[in-house]
Amino acid sequence: MNKQKLVSSIIVVLILFSNCILAKTIVEIKGDQFYINGKPTYEGRYWKGNRIEGLLINSRMVQGIFDDLNPKSVNTFAYPDTKKWDAERNTREFVKAMPIWNSYGLNSFTLNMQGGSPVGYGGSKCLNTGFNPDGSLMKPYMDRLNTILKQADKLNMVVILGVFYFGQDQYIKDEAAVIKCTQNLVNWLLDKKYRNVIIEIANETNFKSYDHPILRPDRIHELIDLVKGMNRNGNRLLVGTSYGGITPPGAAVVKSSDFILVHGNGANKTQKIENLLTKTRLVDGYRLMPVINNEDDHFDFDKEDNNFITSVKNYCSWGYFDYRLKGETDYKEGFQTVPVDWGINSERKKGFFNLVKEITGGLKN
């Protein structure tokens, strides 16, 4: 082999190596607990007699890779200082904030390839899909996702990665393309050797809002099974899907899933959270497995009881869903309303993260 060919070969190897990572953070499930790198999360931690060990205390940060490809609506998401939208800035500021979140004890967050409503609740004309209509991956989205996943891996954080959102799935051409979206994303993650990602097939599977039948409750287990059947060297991604607020999952989903995702939206009384978790654990197919409430827009963090505390008391991980409420105009409010200020700089955000620190003991765990 001459010198020029040798140099070319070395360059190819370096490029291939740079496109992969050696996973630092590996998430597993043992019984009803999550483990990171062979140890239960928050190892040995109890708070007011409640077991915290094994939980994923998380926040809904689904707009971390957001963009709007619709020129007619993109200006509605302009930053207040520059008067324009900037997807790269959004991800850059997200990554900068991650170590701060983690220092309070947050060990997980939810992203979504198709985001969530960029106005908190309600429809939007934005085009934020992450996938081409044929199911292929959009490179700018994947580059931003890769940036976040690398940081999460360094911080020993778990990413709950959603694939589909009912405000955007209509841009996927057909069912074959939905399957390709799923396969392409999972293959990308496996090829990159990410082991700190768990999959949420769809945000709030339901019959009314999803265009494609395979994303609805009676068939979505087919995609869960598809993901479970994909692996590299015996390693695969853990997978489940969420249902709407205070809705127990169906039996087919429970039987197929590695973990259960529920949402607390609509639970304006903590008793509703208790009822939801009781009913969930009675669904046919339930066995000892983790339950995660990864979307709940009820706060009251200064009170003796709230949905966060109630979830923990019932050994269920909890996820903060924060958006700019009606009448709020301060850019610092909310983690889902675009543009997002990813800092911990509103009273509501401070209330959540301070309670996270109290419950988990902070980063030392």
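FYI, it's all coordinate maths here, none of it is from the lab. What you are looking at is a predicted structure, and each value in this text was computed from that prediction instead of being measured. In this analysis, Cβ positions are derived from the backbone assuming ideal geometry, glycine residues included, and neighbour counts consider all displayed protein chains.
Yes or no: region 282-290 includes at least one residue that is free of Cβ contacts under 8 Å to residues at least 60 places away in the same chain and surrounded by 21 or more Cβ atoms within 10 Å (Cβ to Cβ). No, every residue in region 282-290 fails to be free of Cβ contacts under 8 Å to residues at least 60 places away in the same chain and surrounded by 21 or more Cβ atoms within 10 Å (Cβ to Cβ). Of everything listed in (1) surrounded by fewer than 23 Cβ atoms within 10 Å (Cβ to Cβ); (2) within 29 Å of residue 57 (Cβ to Cβ); (3) among the hydrophobic types (A, V, I, L, M, F, W, C), the single unmet condition for residue 138 is (2). Scanning region 231-258 for residues that are part of a loop (DSSP other than H, G, I, E, B) and under 20 Å from the mean Cα position of the chain (by Cα) yields 236, 237, 241, 246, 247, 248, 249, 257, 258. Based on this model, can you work out whether residue 345 counts as polar (S, T, N, Q), closer than 21 Å to residue 98 by Cα and part of a loop (DSSP other than H, G, I, E, B)? Considered against the rule, which asks whether it is polar (S, T, N, Q), closer than 21 Å to residue 98 by Cα and part of a loop (DSSP other than H, G, I, E, B), residue 345 comes out as yes. Checking 105, 116 one by one, the residue that is farther than 23 Å from residue 185 by Cβ, of a type in the set (Gly, Ala, Ser) and assigned to a loop (DSSP other than H, G, I, E, B) is 105 and no other.
Here region 322-355 is the region considered, the condition is being surrounded by fewer than 16 Cβ atoms within 10 Å (Cβ to Cβ) and touching a residue at least 40 places away in the same chain (Cβ under 8 Å), and the residue that is farthest from residue 293 (Cα to Cα) is 343.
Filtering region 195-210 down to residues that are of a type outside the set (A, V, I, L, M, F, W, C) and assigned to a loop (DSSP other than H, G, I, E, B), which residue is surrounded by the most Cβ atoms within 10 Å (Cβ to Cβ)?
The selected residue is 196.
Per the conditions (1) at positive phi; (2) over 18 Å from the mean Cα position of the chain (by Cα), the sole criterion not satisfied by residue 334 is (2).
As a summary of the residue check, residue 305 satisfies the conditions (1) assigned to a loop (DSSP other than H, G, I, E, B); (2) crowded, with 16+ Cβ neighbours inside 10 Å; (3) in contact with a Ser or Thr (Cβ under 7 Å, 6 or more places away or on another chain) except for the one numbered (2).
Quick check, is residue 295 out of contact with any Cys (no Cβ under 6 Å at 6 or more places or on another chain), of a type outside the set (Gly, Ala, Ser) and assigned to a loop (DSSP other than H, G, I, E, B)? Don't jump to the end; show me each part of the working.
Values: out of contact with any Cys (no Cβ under 6 Å at 6 or more places or on another chain): yes; of a type outside the set (Gly, Ala, Ser): yes; assigned to a loop (DSSP other than H, G, I, E, B): no.
Taking the combined requirement at face value, the residue does not satisfy it.
Say we look at region 121-174 and pick out the residues that are in a helix (DSSP H, G or I) and of a type in the set (Lys, Arg); which of these is farthest from residue 37 (Cα to Cα)? Within region 121-174, the match that is farthest from residue 37 (Cα to Cα) is 139.
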